[in-house]
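Beneath this line is the structure, given in C-alpha cells, with notes to follow.
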Amino acid sequence: MKEKTKRFLVTGGTGFLGSALVRRLVGEGNYVRVLDNGYRSSHQRLTDISEDIVVVIGDLRDADSVSRAVRGVDVVVHLGAVNGTENFYQKPELVLDVGVRGMLHVLDACRQHGVGELIVASSSEVYQTPPRTPTDETVPLVVPDVLNPRFSYGGSKIISELLAINYGRTDFERVVIFRPHNVYGPDMGWEHVLPQFILRAAALVEQHPSGIIRFPIQGDGSETRAFTYIDDMIDGLMLLIDRGVHNNIYHVGNPEEIAIADVARAVVAYFGREAELMPGPLAEGSTPRRCPDVSKIAGLGFRPKVPFLEGLPRISQWYKSNAGLGPASAEPAGEIAGHASRQAG
C-alpha cells in the first residue's frame, strides 16, 4: 500500500467539489477526514471509498464538532458553505451563519490544535459585477446592496477572506484562498443553471416530439459565464494545495467565456433539437458578465483541459439518466449566477 503523505480534513467533503477533492486526495495516498452535516449533499457520493476515509457528521456552526474534526490533521481544506442561489434569496441568515461562524470555528480549531496549513474556498460571487472582464484577483470586492438577500453568500465569502488572511499573518504557516468560477459536472446539484437547463430541455423534448423547442431563459441570453469542468477544478486546487503561496488568492477557472444563449442552444442541441429562446426577466442582482483571468495560477502550471462543448455531454448524460433523483419540476427559471458547487458543512 502506498504510504500516506499528509493528513487532511475537508469540510463540506460530501458535496460536489468536496467529494471530488476527497477522491483525488485518497488516490494520491493521503489520510482524509471529512466533516459534513449532509444538509445539501449525500454521503453516498463517497460510499465506494468509505473504507479509505473517516467521515465526521457535524455542523460548522458547532465549535466542538469542528474542533474534534480538526484535531490531528496537517491541512484543513475549508469548503463548507451553503451554496445555491435559491438559498441566497430564501435563507440568507443560514448562508451567513454557516459561512461566517463556520470560518471562525475553523480558524479557532486550527489554532487550538496547531494546524499550520489552511486552504479556503471563496467564490467569484465576491465581485458581484466586476469592472473589468476577464477579471483578475486584484479587482475590488463588492456588496452592492445589503438589502438584497442574494448577497448573503458573496458577503460571507468576503468576510471569510478577511478572516483567513488576517489570522494567517500570525497564526499559520500557510493560508491559501481560491475563488472557483462556475464549476460544473455530473451530480453537481440541482439549483444551478446547467442542471436546470438540461432537465428543462429533456422535459420540453418529451412534451414536443418534433419541431423547434421554445426554451425560456432569464435575461436576453447575452449574459456570459466561463464554465470550469470539475476535473480541471480539482487539478487547480491540488496545485494550490501543493504550491500555493502563503496569504495569496488565486482564481481557478476556465477563461472560455460563453453567452447563456449559446449555452441554452447547446443544451437543446444535445437532445438533437433546435431552440427558440424565450427571454425573461433577470433576478435582481444578477451579473451580466463573468470570466476569470487565470494568469496567476497559470504561473504555477495550471492549464484547463476540458472545453465547454466537451464537458457538456458528460453532465447532460448524467442528468438525463438521473432526472428522477431531482426535483419534481424541470421548469424553474434557472439562475445564471456563478457558483462553484455546494458544500454544506
If you take the residues in the range 116-132 that are among the β-branched types (Val, Ile, Thr) and buried (at least 19 other Cβ atoms within 10 Å of the Cβ), which one is farthest from Tyr167 (Cα to Cα)?
Val126
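Rundown of residues vs (1) more than 17 Å from Ala121 (Cβ to Cβ); (2) in contact with a Ser or Thr (Cβ under 8 Å, 6 or more places away or on another chain); (3) crowded, with 23+ Cβ neighbours inside 10 Å, yes/no style:
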residue	(1), (2), (3)
Ile159	no, no, no
Ile165	no, no, no
Val175	no, no, yes
Gly189	no, yes, no
His208	yes, no, no
Phe227	yes, no, yes
Leu237	no, no, yes
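Could you check, for the range 212-219, whether at least one of its residues is among the polar types (S, T, N, Q) and either assigned to a strand (DSSP E or B) or touching a Cys at 6+ places or on another chain (Cβ under 7 Å) (or both)? Give the derivation first.
At the first step, the residues of the range 212-219 found to be among the polar types (S, T, N, Q) are 218.
Add one more test, that the residue is either assigned to a strand (DSSP E or B) or touching a Cys at 6+ places or on another chain (Cβ under 7 Å) (or both), and what stays is none.
No; the residues of the range 212-219 include none that is among the polar types (S, T, N, Q) and either assigned to a strand (DSSP E or B) or touching a Cys at 6+ places or on another chain (Cβ under 7 Å) (or both).
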Filtering the range 71-92 down to residues that are in a loop (DSSP other than H, G, I, E, B), out of contact with any strand residue (DSSP E or B) (no Cβ under 7 Å at 6 or more places or on another chain) and either surrounded by fewer than 16 Cβ atoms within 10 Å (Cβ to Cβ) or not assigned by TED's automatic domain parsing to the domain that holds His105 (or both) yields Arg71
Let me spell it out: the conditions are (1) within 30 Å of Asn37 (Cα to Cα); (2) assigned by TED's automatic domain parsing to the domain that holds Gly211; (3) modelled with pLDDT under 95, and Leu282 meets all of them except one. Which number is the exception?
(1)
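In the list Val115, Val142, Val176, which residue meets the criterion of being in a loop (DSSP other than H, G, I, E, B) and either in contact with an Asp or Glu (Cβ under 8 Å, 6 or more places away or on another chain) or within 20 Å of Val77 (Cβ to Cβ) (or both)? Break it down stepwise before answering.
Numbers: Val142 fails: either in contact with an Asp or Glu (Cβ under 8 Å, 6 or more places away or on another chain) or within 20 Å of Val77 (Cβ to Cβ) (or both); Val176 fails: in a loop (DSSP other than H, G, I, E, B).
Within the list Val115, Val142, Val176, the selection yields Val115.
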Of all residues making up the range 235-255, the number that are without any contact (Cβ under 8 Å) to a residue 60 or more places away in the chain and either outside the structural domain of Gly116 (by TED's automatic domain parsing) or not acidic (Asp, Glu) (or both)
1
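Looking at the range 273-289 only, could you name the residues that are out of contact with any Ser or Thr (no Cβ under 6 Å at 6 or more places or on another chain) and assigned to a loop (DSSP other than H, G, I, E, B)? Working first, answer last.
The initial filter retains those residues of the range 273-289 that are out of contact with any Ser or Thr (no Cβ under 6 Å at 6 or more places or on another chain), namely 273-286, 288.
Those that are out of contact with any Ser or Thr (no Cβ under 6 Å at 6 or more places or on another chain) and assigned to a loop (DSSP other than H, G, I, E, B): Arg273, Glu274, Pro279, Pro281, Leu282, Ala283, Glu284, Gly285, Ser286, Pro288.
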Restricting the search to the range 19-70, which residues are within 23 Å of Gly185 (Cα to Cα), out of contact with any strand residue (DSSP E or B) (no Cβ under 8 Å at 6 or more places or on another chain) and either of a type in the set (D, E, K, R) or in a strand (DSSP E or B) (or both)?
Arg23, Arg24, Glu28, Arg40, Arg45, Asp48
In the range 291-330, the residues that are assigned to a loop (DSSP other than H, G, I, E, B) and modelled with pLDDT of 95 or more:
Cys291, Asp293, Val294, Gly299, Leu300, Gly301, Phe302, Arg303, Pro304, Lys305, Val306, Pro307
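Does Val205 meet the test of being part of a strand (DSSP E or B), of a type outside the set (Phe, Trp, Tyr) and farther than 23 Å from Glu257 by Cα?
Considered against the rule, which asks whether it is part of a strand (DSSP E or B), of a type outside the set (Phe, Trp, Tyr) and farther than 23 Å from Glu257 by Cα, Val205 comes out as no.
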Looking only at residues in the range 214-250 that are in contact with a Gly (Cβ under 6 Å, 6 or more places away or on another chain) and of a type in the set (S, T, N, Q), which one is modelled with the lowest pLDDT?
Gln218
With the condition kept exactly as written, say whether any residue in the range 195-203 is crowded, with 20+ Cβ neighbours inside 10 Å, at pLDDT 95 or above, assigned by TED's automatic domain parsing to the domain that holds Arg265 and basic (Lys, Arg).
yes
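The values are calculated or read from the model by the stated rules, or taken from the named source; none is laboratory data. Everything quoted here is computed from the prediction, not taken from an experiment. Note that each Cβ is placed from the backbone with ideal geometry, even for glycine, and that neighbours are counted across all protein chains shown.
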